[in-house]
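Accompanying notes for the structure given below.
The values are calculated or read from the model by the stated rules, or taken from the named source; none is laboratory data. A quick note: this is a predicted structure, and the numbers were derived from the prediction, not measured. Reconstructed Cβ throughout: ideal geometry from the backbone, glycine too, with neighbour counts over all protein chains shown.
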Amino acid sequence: MSAPLREAVVDLDAYRANIDLLRSWMDPVEVMVVLKADGYGHGMVPLALTAVDAGVRWLGVLTVEAALRLRSVGVGEDVRLFAWQHDPDLDPRDAVDSGVDLGVSNVAELDRIVAAVTQRPARVHLGVDTGLHRDGATPDRWPALVERARDAQRAGAIEAVAAYTHLAEASDDDDAAAVAVFTEAVDAAAGLGLELPIRHVAASLAGLERPEFRHDMVRMGANTYGIPGADGVTAADLGLTPVMTLTASVAKVKRVPVGTGVSYDYTYRTAAETTLALVPVGYADGVPRRAQGRVEVTIGGVRYPIAGRVAMDQFLVDVGDDDVRVGDTVVLFGPGERGESTILEWAAGLDTIGEELACRIGGRVPRRYSGRHAEEFSQRAAVLNRSAGGRP
């Protein structure tokens, strides 16, 4: 039986096991499972439902749109949804009415949220810019944001739930300095009459490596997908399992003579008479164009390097005299349990991180879910996708 033309298999049982392990390590600190970028390319809805089924009660989803999609598939208000990147023209009314927690970085954002309040207070997290310079109020603008939030809370328009920041992870000293800025900001807020009961600072890397930065909640993203961020640390080292396996099928095989130029620019030439196998995945699907000679794929348990430039829709593999046939399964990366490359091996070969590679896997690569609840959760995702006109 031939393998699918191209496919990303997402193991929901592995995802849940990763979550369970990480929550046990963080206990008693709360864990927010992060599902931005469509669950790092794995598919937001089935993963969110898996996390909720595992007992997770905080999900980070980046945008209000994503949060409302999760509400629409039955993620109830016993689960807190945190969204922190907002369109300047966003009308936050639906988010407020649906109990979505909103990250706030400046007075203008807060004013828009307050203006949208009709039925219930808006739940807000105040962001502190501690040096990453993406989100949050800088120290000079923090007092004005705090005072506006204090007044809005006293008026019943908001509930100030938390203070948060994100670390640059440049060095231990830089992170310690950032946390000091954060602590000073929270203390200053209390001095201005605004208590912020929850503090969340650490994401996946700091959550594992710096217990003193965990505070009240840790945001776990990459680790839940089995993609650890520490240099030289594999998923297996931590007892985690990579969740995505990217596969394709051999579409064509062709026997060619010695010295044959392969793909664009002939950056690869065959060293002997050989067989070329065509794999129908290209840079349009997320395989970087410069992958030639840097990463390996597995066919029939044997690893082969990519030969020649990766094209938009395909690449070639030089399989020598091996018996490779049309329809054979090609594993680009997976858990590594059967000798195949892992996503971290690909990341190392391509001078990037595993998260980027997972997020790059394009929409024309179908996601197939495996695990105990795979059919139920993927069906719920499919209903949402049809109503939204595509994958969330």
field: Meets criteria (assigned to a helix (DSSP H, G or I) and within 19 Å of the chain's Cα centre (by Cα)) for residue 246
entry: no
- prompt: Within the stretch 172-183, can one find any residue that is aliphatic (A, V, I, L, M), closer than 19 Å to residue 107 by Cβ, in contact with a strand residue (DSSP E or B) (Cβ under 8 Å, 6 or more places away or on another chain) and touching a residue at least 12 places away in the same chain (Cβ under 8 Å)?
  reply: no
message: Among the residues of the stretch 332-360, what is the count of those that are surrounded by fewer than 22 Cβ atoms within 10 Å (Cβ to Cβ) and either more than 14 Å from residue 299 (Cα to Cα) or not assigned by TED's automatic domain parsing to the domain that holds residue 292 (or both)?
response: 15
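Of all residues in the stretch 36-62, count the ones that are within 13 Å of residue 19 (Cα to Cα) and part of a helix (DSSP H, G or I).
So the answer is 7.
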message: I'd like the full set of residues that are under 38 Å from the mean Cα position of the chain (by Cα) and part of a strand (DSSP E or B), limited to the stretch 262-284.
response: 262, 268, 269, 275, 276, 277, 278, 279
- prompt: When you scan the stretch 33-55, how many residues do you find that are crowded, with 22+ Cβ neighbours inside 10 Å and touching a His at 6+ places or on another chain (Cβ under 7 Å)?
  reply: 1
query: Does the stretch 321-380 hold any residues that are in a helix (DSSP H, G or I), within 22 Å of residue 47 (Cβ to Cβ) and of a type in the set (D, E, K, R), and which are they?
result: 355, 356, 360, 375, 376, 380
task: Find the strands (runs of 3 or more DSSP E) located wholly in the stretch 105-223 whose residues include 2 or more that are of a type in the set (D, E, K, R), modelled with pLDDT under 95 and out of contact with any His (no Cβ under 8 Å at 6 or more places or on another chain), and list them.
output: none
task: Any chance you could count how many residues in the stretch 174-211 are surrounded by fewer than 16 Cβ atoms within 10 Å (Cβ to Cβ) and closer than 23 Å to residue 19 by Cβ?
output: 2
task: Kindly provide the set of residues from the stretch 112-122 that are farther than 14 Å from residue 90 by Cβ and in contact (Cβ under 8 Å) with a residue 40 or more places away in the chain, ordered by number.
output: 117
task: Give the residue, chosen from 342, 298, that is polar (S, T, N, Q) and more than 25 Å from residue 270 (Cα to Cα).
output: 342
message: One residue is enough: does the stretch 15-30 have a residue meeting the conditions surrounded by 21 or more Cβ atoms within 10 Å (Cβ to Cβ), out of contact with any Ser or Thr (no Cβ under 9 Å at 6 or more places or on another chain) and not in a helix (DSSP H, G or I)?
response: no
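Is it true that residue 329 is over 19 Å from residue 274 (Cβ atoms) and either modelled with pLDDT of 95 or more or not assigned by TED's automatic domain parsing to the domain that holds residue 41 (or both)? Steps first, answer last, please.
Numbers: over 19 Å from residue 274 (Cβ atoms): yes; either modelled with pLDDT of 95 or more or not assigned by TED's automatic domain parsing to the domain that holds residue 41 (or both): yes.
The answer is yes for residue 329.
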- prompt: Residues 157, 152: which one is in contact with a strand residue (DSSP E or B) (Cβ under 8 Å, 6 or more places away or on another chain) and crowded, with 21+ Cβ neighbours inside 10 Å?
  reply: 152
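Okay, residues lined up against (1) at pLDDT 95 or above; (2) crowded, with 20+ Cβ neighbours inside 10 Å; (3) not β-branched (Val, Ile, Thr):
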residue	(1), (2), (3)
253	yes, no, no
259	yes, no, yes
264	yes, no, yes
267	yes, no, no
270	yes, no, no
277	yes, yes, yes
283	yes, no, yes
